[in-house]
Amino acid sequence: MKPAPFDYVRAGSVAEAVGLLAAHEGAKLLAGGQSLLPALNFRLSAPGLLVDIGRIADLRRIDVTATMLRIGAGCTHATLLDAPEIAAHAPLIATALAHVAHPAIRSRGTIGGSLANADPAAELPACMLALDATIIAEGQAGARRIAAADFFTGLFETALEPGEILTAVEIPLVPGRRHGFAELARRHGDYALVGLAAAAEGDAVRLGFFAVGHAALRAPAAERALADGAAGIEAACAALAGDLPPHADPEISAPVRLHLARVLLRRVMKECLAP
């Protein structure tokens, strides 16, 4: 199939893109297009206008301050994989991105597109939960800051308001932060059957599970158990029965998914809590 007819405008700035969204009801943003273009081709989406934000320079910046790593929403996966700022301050992101699809997809897909799409099997939303990130959105009312914990609201749903653009992600810099990541997929590059991103700061651990429900999610009871460090891993595994919603699909049953989540938790915690 081919897309339904649409108009196309390349925006030169975030302000221009916000104005175009406000002026054209139902307009869609085009950045990397790795999720949008298949939807257009299958006519699952039929906007009257595409607003291309892929060449807005401000959306492709990576900035580091004394306390914060700021990643522009237009940065591609490939850019982040190679960026020294990511390797130095948020290696969890680079580790996760190595599992995302294949080089052709990573060269076009963007961090903002992945987060705004909110695919429950995607790696980056879980990383944002683990890293305690803040999502920056801009609309006609100005910029708005949204905690990652509040951003992913359901299946392909986020806290973005109509007309808002996800412009950046901010990650606090925490000395000594440790991370771990693992996912299970039928083949490398396939969507994960179960995945986990984790970050440890002192005695506190944040777990970001993906492909276990309708959105990336934390596991608060398991996190509390992990306050005991390695001694709490088995208690954390037991707590996952209450933290993770029963979730079955044609690929895998709910009991098997829970079992695999526990396997990944043990694996990731050994990495994350290693001295």
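FYI, it's all coordinate maths here, none of it is from the lab. Note that this is a predicted model, so its numbers are computed, not measured. Cβ coordinates were reconstructed from backbone atoms using ideal geometry, including for glycine residues, and neighbour counts include every protein chain displayed.
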* Structure fact -> Any helix of the chain counts here only if DSSP assigns it H throughout, its Cα atoms span 24 Å or more along the axis, and its mean Kyte-Doolittle hydropathy is at least 0.0, and such helices are 254-272
* FRET efficiency, 1/(1 + (r/R0)^6) with R0 22 Å, evaluated for Met68 and Asp203 via beta carbons -> 0.45
* **Packing rank of 239-252, 195-208, 157-170, where each peptide gets the mean count of other beta carbons within 10 Å, highest leading** => 195-208, 157-170, 239-252
* Structure fact -> For segment 192-207, Karplus-derived ³J(HN,Hα) couplings (6.51, -1.76, 1.60; θ = phi - 60°; whole Hz; x for glycine and proline) come out as 5, 7, 8, x, 8, 10, 9, 9, 10, 10, x, 8, 8, 10, 10, 10
* Asked: For the chain, what does -39500 (n - 2.57) per DSSP helix run (n ≥ 4), summed and divided by total residues, give at 222 nm, in deg cm²/dmol to the nearest 500?
  -> -9000 deg cm²/dmol
* To do: Tell me which residues come under 5 Å, amide H to amide H, from Ala147 once H is placed; ignore anything under 5 positions away on its chain.
  => Ile135
* Range of Cα positions in the chain per principal axis (Å), largest first -> 58, 47, 33
* Can you work out ³J(HN,Hα) from phi for every residue in segment 158-166, in order, using Karplus 6.51 cos²θ - 1.76 cosθ + 1.60 and θ = phi - 60°, giving whole Hz and x for Gly and Pro? -> 9, 7, 4, 8, x, x, 8, 10, 6
